[in-house]
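*Asks:* Structure incoming, see below.
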Amino acid sequence: MIEINRHVKAWSTRLGPGRAGLVLAMLWAIMTLWNFELPGLQMDEANHYAFIPGITSDSAARLHHFRLPDNYLDGQDNLRRFPILGGSFYNSPVIAYLGLPYFAIAGHSVASLRIFSALIGLATILSVALLVGRIFDWPAALLAGTIIATDPTHVFSIRSQGISLWPAVLFWALAANFLLTAVRDQRTSAWPVIAGGACLGWSVMSYFVGIFLALPLVFTALVVLRKRPVHLALFVLAGLLAYSPVIYALISINTHSPELLRSFGIPDWAARESVAVFSSENLTRLQTITVGAFGAHDFVTWITGKVAVEFTVPRIFAFGLATGLLLVLAFLHRDTPTSRRVFYWLSGATLALYFSALFILKATSLHHLLPITMLAAAVCGGAITARGLVRPLVFALCGLLVATNLVFLNSAHKRLIDTGGRGYHNESYSLIAPLLAGPLAGYHPVFTGWGFHLQFLFLTDGRVPYTFMGAPQNEQINELLNRHGRLAIVVPVVDRARVEEAFTHQHELRFAQRNGVELFSLFLLSIEQD
């Protein structure tokens, strides 16, 4: 045991932040490039990026998007540019603003979008690993980052609607790092405190779950900065200023469209109103998404289809035992460094608040637990610094997590190749824009199903006008046909018969998954046809 500890200590000395970061960057690159353009560009994945054309162009800003009214900085004359909220009350298009210079250089494509999302993911992983390394050591940081980077839910969330959650974790980790700098060096300037407060405000702005990450960190700041009132005031003020655009947006919406706030979130992430908060059904819902996030990777199978392997029980056991051992041992040893004790308290408080809030809000979306799975990985990574026999046990548990991650990922990618992505995640959705903007450029695009127009708006950079309707409307289609002469109508498979029976079409293109499941059709109509 002494010999093992000696080798571990020597390895810890040689492994610094640079080497750990390089290994994690290379690992994340492999995860990103694995079936790089699969699944297809999903509507919610494109949603926030689709704001970019409207931010940079007046004409693109007039095209249909999933927009809430009254939350724009320049909403005059029905021109909606510079959005604050991202089509819902509980997130904002932070990644659209972060990506403006990048997409101006890289262009608008599935590849450029996936690369930028991967960069957001890498920055998040490195920020969390940096926090773990500064509090524990760099082997712990490397292990925590490896668990995060290989987790199938994290890998596939970057390629789907889960991307909107990553900035919340990124800014939270940056805020924690800045606060740690301010606490460790009390002679430092006020800038780390200001930066920490601003990052925390942006974390909450990114997605509503950021508030559950932020509150324990704010309480921690109140305690550790209590003897530095000026710095504490700057921390709070910076956070409020960073979050102030959302405050403005909510006040504006409440002033002009108060009915929108009354149904806050219910259609998207809360259970049916008839379900009581304190009920077995609501508890079952929370249990289902928790097991799905930590053990079964339900978010992944929703995208790829059911896979051939199952590691739910051992993964839940590994997460629970590693976290429990760490928290118990940390408070049994009086010589545990203060920074680690604070991290343990912060992690425990965040977990408790997060799950309590999701229970009260009757949450049902798997990707809302993404920040917690990352925090749990950070806690597990830190657990390898435990002493005695606990260390090899924790190493084994973390090794189990990484191994099951990789085996499940391999199986998921095999399934992904079989389907090309299920439903709205299918590769076919990435083909519409180049088809309508290229060979079929003479036809006016009409999207009669939700989400198609978001991919099209981003991929064409808003240069190609289109019409959106939630479902096929025969009268409106006739008006468009008379106006434009030729239409290319994209119709989900459930509404296909409505268009086929109502109109004589020149041609129909059908799109399906690789395993034969039909998804949607593209009807070509012309006023010149017989």
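*Asks:* When residue 441 is evaluated against the numbered criteria (1) part of a loop (DSSP other than H, G, I, E, B); (2) in contact (Cβ under 8 Å) with a residue 24 or more places away in the chain; (3) over 28 Å from residue 516 (Cβ atoms), which criterion, by number, is the only one it fails?
*Replies:* (2)
*Asks:* Can you report the number of residues in the stretch 405-453 which are within 20 Å of the chain's Cα centre (by Cα), on the phi > 0 side of the Ramachandran plot and crowded, with 18+ Cβ neighbours inside 10 Å?
*Replies:* 2
*Asks:* Just wondering, is there one or more residues in the stretch 58-69 that are among the polar types (S, T, N, Q) and either part of a loop (DSSP other than H, G, I, E, B) or within 23 Å of the chain's Cα centre (by Cα) (or both)? Don't jump to the end; show me each part of the working.
*Replies:* Restricting attention to the stretch 58-69, the residues satisfying the condition of being among the polar types (S, T, N, Q) are 59.
Then keep just the ones that are either part of a loop (DSSP other than H, G, I, E, B) or within 23 Å of the chain's Cα centre (by Cα) (or both); that gives none.
No, because not a single residue in the stretch 58-69 is among the polar types (S, T, N, Q) and either part of a loop (DSSP other than H, G, I, E, B) or within 23 Å of the chain's Cα centre (by Cα) (or both).
*Asks:* Considering 176, 168, which residue is buried (at least 24 other Cβ atoms within 10 Å of the Cβ), within 22 Å of residue 102 (Cα to Cα) and of a type outside the set (S, T, N, Q)? So that I can check it myself, show each step before the final result.
*Replies:* Values: 176 fails: within 22 Å of residue 102 (Cα to Cα).
Every option except 168 fails the conditions.
*Asks:* Residue under question is residue 338, and the condition is that it be surrounded by fewer than 19 Cβ atoms within 10 Å (Cβ to Cβ), assigned by TED's automatic domain parsing to the domain that holds residue 276, closer than 21 Å to residue 220 by Cβ and of a type in the set (S, T, N, Q); does it hold? Spell out the reasoning first.
*Replies:* Numbers: surrounded by fewer than 19 Cβ atoms within 10 Å (Cβ to Cβ): yes; assigned by TED's automatic domain parsing to the domain that holds residue 276: yes; closer than 21 Å to residue 220 by Cβ: yes; of a type in the set (S, T, N, Q): yes.
Taking the combined requirement at face value, the residue satisfies it.
*Asks:* So residue 81 clears everything in (1) touching a Leu at 6+ places or on another chain (Cβ under 7 Å); (2) touching a residue at least 24 places away in the same chain (Cβ under 8 Å); (3) surrounded by fewer than 23 Cβ atoms within 10 Å (Cβ to Cβ) except one condition, right? Which one?
*Replies:* Of the numbered conditions (1) touching a Leu at 6+ places or on another chain (Cβ under 7 Å); (2) touching a residue at least 24 places away in the same chain (Cβ under 8 Å); (3) surrounded by fewer than 23 Cβ atoms within 10 Å (Cβ to Cβ), the odd one out for residue 81 is (1).
*Asks:* Now a separate question. If you go through the stretch 158-212 one residue at a time, how many are more than 21 Å from residue 45 (Cβ to Cβ) and of a type in the set (A, V, I, L, M, F, W, C)?
*Replies:* The qualifying residues number 21.
*Asks:* Pick from 222, 130: which is in a helix (DSSP H, G or I) and surrounded by fewer than 21 Cβ atoms within 10 Å (Cβ to Cβ)?
*Replies:* The unique qualifying residue is 222.
*Asks:* A further question on this structure: Tell me yes or no: at least one residue of the stretch 459-478 is among the acidic types (Asp, Glu), part of a loop (DSSP other than H, G, I, E, B), out of contact with any strand residue (DSSP E or B) (no Cβ under 6 Å at 6 or more places or on another chain) and over 29 Å from residue 213 (Cα atoms).
*Replies:* Start the filter on the stretch 459-478 by keeping residues that are among the acidic types (Asp, Glu), which leaves 461, 475.
Then keep just the ones that are part of a loop (DSSP other than H, G, I, E, B); that gives 461.
Now narrow it down to the ones that are out of contact with any strand residue (DSSP E or B) (no Cβ under 6 Å at 6 or more places or on another chain): 461.
Then keep just the ones that are over 29 Å from residue 213 (Cα atoms); that gives 461.
Within the stretch 459-478 (the criterion being among the acidic types (Asp, Glu), part of a loop (DSSP other than H, G, I, E, B), out of contact with any strand residue (DSSP E or B) (no Cβ under 6 Å at 6 or more places or on another chain) and over 29 Å from residue 213 (Cα atoms)), the answer is yes, since at least one residue qualifies.
*Asks:* What is the number of the single condition among (1) outside any helix (DSSP H, G or I); (2) among the small types (Gly, Ala, Ser); (3) within 20 Å of residue 123 (Cβ to Cβ) that residue 176 does not meet?
*Replies:* Among (1) outside any helix (DSSP H, G or I); (2) among the small types (Gly, Ala, Ser); (3) within 20 Å of residue 123 (Cβ to Cβ), residue 176 violates only (1).
*Asks:* Show the residue pairs meeting these rules: Cβ distance below 9 Å; 6+ apart or different chains; first residue within the stretch 481-496 and within 15 Å of residue 435 (Cβ to Cβ); second residue of a type in the set (Lys, Arg).
*Replies:* Close Cβ pairs satisfying both conditions: 491/498.
*Asks:* Pairs, please: C-beta under 7 Å, at least 6 apart or cross-chain, first residue assigned to a helix (DSSP H, G or I) and in the stretch 403-414, second surrounded by fewer than 21 Cβ atoms within 10 Å (Cβ to Cβ) and among the small types (Gly, Ala, Ser)?
*Replies:* From residues that are assigned to a helix (DSSP H, G or I), the pairs are 411/308.
*Asks:* Could you check how many residues of the stretch 221-252 are touching a helix residue (DSSP H, G or I) at 6+ places or on another chain (Cβ under 6 Å) and within 22 Å of residue 206 (Cα to Cα)?
*Replies:* Going through the stretch 221-252, the residues touching a helix residue (DSSP H, G or I) at 6+ places or on another chain (Cβ under 6 Å) turn out to be 221, 224-225, 231, 234-235, 238-239, 242-243, 246.
Within this subset, residues satisfying the condition of being within 22 Å of residue 206 (Cα to Cα) are 221, 234-235, 238-239, 242-243, 246.
The qualifying residues number 8.
*Asks:* Further, regarding this structure: Kindly indicate which of 25, 46 is under 20 Å from residue 409 (Cα atoms) and assigned to a helix (DSSP H, G or I).
*Replies:* Numbers: 46 fails: under 20 Å from residue 409 (Cα atoms).
Sole residue among the options that is under 20 Å from residue 409 (Cα atoms) and assigned to a helix (DSSP H, G or I): 25.
*Asks:* May I pose another question? Quick check, is residue 117 among the polar types (S, T, N, Q), in a helix (DSSP H, G or I) and modelled with pLDDT under 90?
*Replies:* no
*Asks:* Taking the options 366, 375, 393, name whichever one is over 25 Å from residue 476 (Cα atoms) and touching a Phe, Trp or Tyr at 6+ places or on another chain (Cβ under 8 Å). If you could, list the steps in order and put the result at the bottom.
*Replies:* Details: 375 fails: touching a Phe, Trp or Tyr at 6+ places or on another chain (Cβ under 8 Å); 393 fails: touching a Phe, Trp or Tyr at 6+ places or on another chain (Cβ under 8 Å).
After ruling out the rest, the residue left standing is 366.
The values are calculated or read from the model by the stated rules, or taken from the named source; none is laboratory data. All values derive from a computational prediction rather than experimental measurement. A quick note on method: Cβ atoms are made from the backbone with ideal geometry, for glycine too, and the neighbour counts reach across all protein chains shown.
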